[in-house]
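The values are calculated or read from the model by the stated rules, or taken from the named source; none is laboratory data. Small disclaimer: the values here were computed from a predicted structure and weren't measured. FYI the Cβ positions are ideal-geometry reconstructions off the backbone, even for glycines, and counts take in every protein chain you see.
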Amino acid sequence: MPFRVSVPLVLVVAFVAVGLVAGRRDTRGRPDVITIVSSLPRSGSARGQTDVITNGIKLAFHDIGYKLDVTDPGTGEKRTFTLEYLDLDDATAAAGQWTIEQEIANANQARTDPDVMAYIGTYNSGAAKVSMPILNRAGIFMVSPANTAPALTRAGEGERHEPMCYRPTGVVNFARVIPTDDLQGELSVLWARDLGVKKIYILDDNEVYGGGIAAVVKAKCPKYGITVLGHQSIDSKAQEFTPLMTAIKAMAPDLVYFGGTTQTKAGQLLKDMVKVGMTCPMMGPDGCFEKAMIDSAGKDTLEKLPFYATFGGLPIDALTRGKGKEFVDKYTALYKAPPADAYATYGYEAALVTLEAIRRAGKKDRDAIRVAALAVKNFEGATGTWSFDENGDTTNQTMSGSTVVDGAFKFSRALQLPAK
Amino acid sequence: MPLFADTPDPWLTLLQYVILGLTKGSLFALIALGYTMVYGIVELINFAHGNVFMLGSFVALTIFGLVGVEKAGDPFQDAALIVACFVAAIVFCGTLNIAVDRVIYKPLRNAPKLAPLVSAIGVAYIFDNVGLFWGGPQDVNFPNLLPDANLFDETAKIRFTAKDLMVVGVTVPLMLALTVFVKFTSLGTAMRATAQNPVAAQLMGINTETVIATTFAIGGALAGAASVTYGLYVNTISYQIGFQNGLYAFTAAVLGGIGNIPGAVLGALIIGLVTSLGSFYVGERWTSALVFAILIVILVFRPSGLLGSRTREKV
């Protein structure tokens, strides 16, 4: 048989060859441009929060006109970098939430792009676990506006190999501007005690965040004289929990604590409490502190049962002074509406501290920026004056409790551990 | 929760969970009937059925939105609105189901069995995305129009609310009406004949296409009724409820013997009971695992389902 050339095959080979040549990345980058990426679930159910987080980030860049003047501390050379912001999505519309594949792709995009100097993200602690080792090897400074799982930064909080497995090079590159869940868990218990709670029933959604915070709440209850009646995980894919709530009602708790988020059925649990005739309130962590919670639970349900939410920082309506107020005013001026969600402040804060780190490093160098960022002390930001500790955690320890009044979350009180 | 939790009266507790389970089960039954009837007539697993159910709930929600009802108000106005929603969802889902059959399954009637099956999966995804577009990705609150108060005394040991009564009041008459229709009307007889042997039925002068259209209409109508009932009972809907409830309902149909109407109801009631009792006696997070474990065990011993082999007629 004579040798015949298949036309489609030739075309395919040609396309692949052209693609390989054209698709080769420029490994040098653009000398005057610094790219900062964020990786947040921009589609799916967390869209509302990430919209305001990215608004907060953009506001920080907008403030300086996307131009950053720096002085190299070594050589004294003055330069102006153009800032570029890439808003990456680690969720897919089909999944409705972050996916491992998407988060890996984002981390790899940041790693291979020579202009990327910082990575703002993630929103979900589970997603951070995926991208942290990749960015750690690349030496990129990563700062999260929303990850609250303690095991990401501190030993003894999670599995035995945590957090060293996220730092394969041994150096710290991950920091966060939001306080962690262990503190939030203890402050929740403190607040419950102040509300007069004696018996508590604990539920969680069986996820890293929800399960983690529920475990802390459970562990801290004896310290504050509260009896734990029981602790169960729910299946967040289930649609209603009438049988479960019937069982809990029989134990007559003073409070039901749910370690979980709006997306893992906090609203439905509240509805089913009403359905079985319970009258005690429910408390949840910051994953429930959002407008979506009120929408999914329904305003009429929230009139029947009080709902308390803790938040790892101060909500917008508590930012009445100093830099916090300044931030709210600037945000309102730029977006023609005040921030719809408290995470806006943390998006802004993460971007601010990143800019500060680049300024201090004085050059476009991933490692210099990482070192400068983690050395930030007494930083005056929108959430107060704080520092990064040796693990990359913020030293800001003030949290807040809010409750629903007339269909909206209202700041109820600041929460702080009693002085030791 | 410990296994066999210590409660004042174990029998009353058991009764309470049986009531909850049967209520939930009868809701699954309405959806399961649509799977089993369509399978009985055309031997197709209509995967899009659960998604038709989901779209029905959005029809009802849209009506509530248009009227501007967010919470319970004047009881007579609410009752009229609920009836209107039932009618609208039933008509919508019935029509949609017929349309899907006409446009997608009918041209594939004589194609290999896998072709309509894969098309059904495709339709399910299309409807899922319509629902995503319609209602958004998050859970949506469905107005809580029925009182949550116990129909007995608030202090009574057994709790049975207006919502539970509504579920039973919608599902049981519909299932009775369906039984009467299939057993005693000429169209029902034609359906049973088509289910047994479509070619012979056609030779006897039965218009099998009419029978198939009727089957899809009835299945869709039941899904429409189920969707409003679900919304009023659970008070939350999202585009994902189609897949989740569809899976349970399909499981119920298989458990009871797919193609068998009483079987689907029986299977659904068993699933309702397993989720409810499982939640109390085993643990909330194991309920779905338990349902499918029981499905596997039953299918090992009775491969054609609980009632599948006993009766020969499929509808």
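Put simply, of A:Thr301, A:Thr279, A:Thr310, A:Thr261 the only residue that is within 14 Å of chain B (Cβ to nearest Cβ), more than 30 Å from A:Val70 (Cβ to Cβ), of a type in the set (Val, Ile, Thr) and within 19 Å of the chain's Cα centre (by Cα) is A:Thr261.
Looking at segment B:151-167 only, could you name the residues that are over 25 Å from B:Gly68 (Cα atoms), more than 10 Å from every other protein chain (Cβ to nearest Cβ) and either in contact with a Pro (Cβ under 9 Å, 6 or more places away or on another chain) or among the aromatic types (Phe, Trp, Tyr) (or both)? Hits for segment B:151-167 are B:Phe152, B:Phe160.
Looking only at residues of segment B:126-150 that are touching a Ser or Thr at 6+ places or on another chain (Cβ under 9 Å) and surrounded by fewer than 14 Cβ atoms within 10 Å (Cβ to Cβ), we find that the one that is nearest to the other protein chains (Cβ to nearest Cβ) is B:Ala149. With respect to the conditions (1) under 26 Å from A:Trp98 (Cβ atoms); (2) without any contact (Cβ under 8 Å) to a residue 12 or more places away in the chain, A:Pro243 lacks only one, and its number is (1).
Residue by residue, here is whether (1) farther than 25 Å from A:Gly44 by Cβ; (2) among the β-branched types (Val, Ile, Thr) holds:
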{"site": "A:Phe81", "(1), (2)": "yes, no"}
{"site": "A:Leu88", "(1), (2)": "no, no"}
{"site": "A:Gly96", "(1), (2)": "no, no"}
{"site": "A:Ile100", "(1), (2)": "no, yes"}
{"site": "A:Ala105", "(1), (2)": "no, no"}
{"site": "A:Val130", "(1), (2)": "no, yes"}
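Of the residues that make up segment A:185-206, is at least one buried (at least 24 other Cβ atoms within 10 Å of the Cβ), of a type in the set (Gly, Ala, Ser), in contact (Cβ under 8 Å) with a residue 60 or more places away in the chain and within 14 Å of chain B (Cβ to nearest Cβ)? The answer is no; no qualifying residue exists. Applying the set (1) surrounded by fewer than 23 Cβ atoms within 10 Å (Cβ to Cβ); (2) at pLDDT below 90 to A:Glu290 leaves exactly one unmet item: (1). Residue check: A:Cys165 meets all listed conditions (1) in contact (Cβ under 8 Å) with a residue 40 or more places away in the chain; (2) surrounded by fewer than 24 Cβ atoms within 10 Å (Cβ to Cβ); (3) hydrophobic (A, V, I, L, M, F, W, C); (4) in contact with a Lys or Arg (Cβ under 9 Å, 6 or more places away or on another chain) but one, namely (1). If the requirement is being buried (at least 18 other Cβ atoms within 10 Å of the Cβ), at the interface with another protein chain (Cβ under 10 Å from one of its Cβ atoms) and touching a Gly at 6+ places or on another chain (Cβ under 6 Å), which of these qualifies: A:Ser296, A:Ser233? Criteria check complete, one pass: A:Ser296.
Listed by position, the strands (runs of 3 or more DSSP E) enclosed by segment A:336-407 that each have at least 3 residues that are more than 19 Å from A:Ala60 (Cβ to Cβ) are A:399-405. Within segment A:97-154, the set of residues being under 23 Å from A:Gly48 (Cα atoms), part of a loop (DSSP other than H, G, I, E, B), in contact (Cβ under 8 Å) with a residue 60 or more places away in the chain and not hydroxyl-bearing (Ser, Thr, Tyr) comprises A:Gln97, A:Gly121, A:Asn124, A:Pro145, A:Ala146, A:Ala149.
Cβ-Cβ distances below 7 Å connect the following pairs, each with a first residue in segment A:325-354 that is surrounded by fewer than 16 Cβ atoms within 10 Å (Cβ to Cβ), a second residue that is among the aliphatic types (A, V, I, L, M), and a separation of six or more residues or different chains: A:Lys325/A:Leu319; A:Leu334/A:Leu59; A:Pro338/A:Ile316; A:Pro338/A:Val328.
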